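Below: one structure, written as structure tokens.
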Amino acid sequence: MDRADVENDLEKVLLSQEQLHARLDELAAAIDADYAGKQLLLVGVLKGAVMVMADLVRRLHTDVQMDWMAVSSYGSGTKSSGVVRILKDLDTDLTGRHVLIVEDIIDSGLTLSWLLSNLRSRGPESVEIATMLRKPEAAKVEVDVRYVGFDIPNEFVVGYGLDYAERYRNLPFVGTLAPHVYGA
Ligand code: PRP
């Protein structure tokens, strides 16, 4: 991806790499304090959570393991419907485990709401959520989120794991996409 092309596709940088990393330091410290002396299973939701998982897990001193799920929301285009299909399930038995779901973004909240009740039905000791970004104005359901990086406006954001048509995930910052890219 040519750098000039990417800059042309973006309207602005919403959160710089420095801001993301500074907030991750704070989130990791809070997680370490909350789970002191416990073993924690981090569950990343593919694909967007790869960046936040990689950066978060390296900041933690807690005894952690990682596992991954891939889910797909039935629905048209960029809108999730709340009907979720598991494309890749966990390898780990959740019985008696402390589980922390790691997400890049909570938009409508429908995916996380479904995932939360799905994982809670598997007999864990606890299930909490950490998300780097949340769009409060887009919420369709209330989801109890323990760790939030940033609340952001309801704009089309890409970078730091977030894509548009599978592009821009590798940007080290979060930017807003220029309308001409998605045909507005
Ligand atoms: C994103 C994000 C959440 C979901 C949030 O994933 O990672 O899983 O959307 O949306 P919601 O709150 O409206 O349910 P996406 O489906 O874009 O898949 P990706 O991570 O592979 O890009």
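Considering only the stretch 107-145, state which residues are over 18 Å from residue 69 (Cα atoms) and touching a residue at least 40 places away in the same chain (Cβ under 8 Å).
133, 140, 141
With the condition kept exactly as written, say whether any residue in the stretch 158-178 is β-branched (Val, Ile, Thr), surrounded by 14 or more Cβ atoms within 10 Å (Cβ to Cβ) and over 16 Å from residue 49 (Cβ atoms).
Scanning the stretch 158-178, I find at least one residue that is β-branched (Val, Ile, Thr), surrounded by 14 or more Cβ atoms within 10 Å (Cβ to Cβ) and over 16 Å from residue 49 (Cβ atoms), so the answer is yes.
Looking at residue 51 and the list (1) at positive phi; (2) in contact with a Gly (Cβ under 8 Å, 6 or more places away or on another chain), which single condition is not satisfied?
Residue 51 satisfies all of (1) at positive phi; (2) in contact with a Gly (Cβ under 8 Å, 6 or more places away or on another chain) except (1).
Does any residue in the stretch 83-106 that is under 17 Å from residue 31 (Cβ atoms) and open to solvent by 50 Å² or more (accessible area, probe 1.4 Å) come within less than 6 Å, Cβ to Cβ, of a residue that is more than 11 Å from the ligand (Cβ to nearest atom) and at pLDDT below 95 six or more places away or on a different chain, and which pairs are these?
Close Cβ pairs satisfying both conditions: none exist.
Give 67, 55 a once-over and let me know the one that is without any contact (Cβ under 8 Å) to a residue 40 or more places away in the chain, open to solvent by less than 40 Å² (accessible area, probe 1.4 Å), touching a Ser or Thr at 6+ places or on another chain (Cβ under 7 Å) and not in a loop (DSSP other than H, G, I, E, B).
Going through 67, 55 in turn, just one is without any contact (Cβ under 8 Å) to a residue 40 or more places away in the chain, open to solvent by less than 40 Å² (accessible area, probe 1.4 Å), touching a Ser or Thr at 6+ places or on another chain (Cβ under 7 Å) and not in a loop (DSSP other than H, G, I, E, B): 67.
Yes or no: the stretch 108-127 includes at least one residue that is away from the ligand (no atom under 11 Å from the Cβ), at positive phi, of a type in the set (Gly, Ala, Ser) and open to solvent by 20 Å² or more (accessible area, probe 1.4 Å).
yes
Going by what's in this entry, would residue 72 be described as part of a strand (DSSP E or B), near the ligand (Cβ under 10 Å from one of its atoms), within 15 Å of the chain's Cα centre (by Cα) and not aliphatic (A, V, I, L, M)?
On the way: part of a strand (DSSP E or B): yes; near the ligand (Cβ under 10 Å from one of its atoms): yes; within 15 Å of the chain's Cα centre (by Cα): yes; not aliphatic (A, V, I, L, M): yes.
Considered against the rule, which asks whether it is part of a strand (DSSP E or B), near the ligand (Cβ under 10 Å from one of its atoms), within 15 Å of the chain's Cα centre (by Cα) and not aliphatic (A, V, I, L, M), residue 72 comes out as yes.
Condition (residue is open to solvent by 80 Å² or more (accessible area, probe 1.4 Å), within 28 Å of residue 183 (Cβ to Cβ), in contact (Cβ under 8 Å) with a residue 40 or more places away in the chain and not hydroxyl-bearing (Ser, Thr, Tyr)) applied to the stretch 18-41: is it met by at least one residue?
No; the residues of the stretch 18-41 include none that is open to solvent by 80 Å² or more (accessible area, probe 1.4 Å), within 28 Å of residue 183 (Cβ to Cβ), in contact (Cβ under 8 Å) with a residue 40 or more places away in the chain and not hydroxyl-bearing (Ser, Thr, Tyr).
Pairs please, first residue from the stretch 168-184 and in contact (Cβ under 8 Å) with a residue 12 or more places away in the chain and of a type in the set (A, V, I, L, M), second anywhere and in a loop (DSSP other than H, G, I, E, B) and open to solvent by 20 Å² or more (accessible area, probe 1.4 Å), Cβ atoms under 6 Å, 6+ apart in sequence or on different chains.
Correct list of pairs: 177/156.
Out of curiosity, is residue 1 at pLDDT below 95 and either in contact with a strand residue (DSSP E or B) (Cβ under 9 Å, 6 or more places away or on another chain) or in a loop (DSSP other than H, G, I, E, B) (or both)?
yes
The values are calculated or read from the model by the stated rules, or taken from the named source; none is laboratory data. No experiment lies behind these values; they were computed from the predicted model shown. Note: ideal-geometry Cβ built from the backbone for every residue, glycine included; neighbour counts use all protein chains shown. Surface areas here come from the heavy atoms of the whole protein model, side chains and all, with no ligands, DNA or RNA. Shrake-Rupley method; radii C 1.70, N 1.55, O 1.52, S 1.80 Å.
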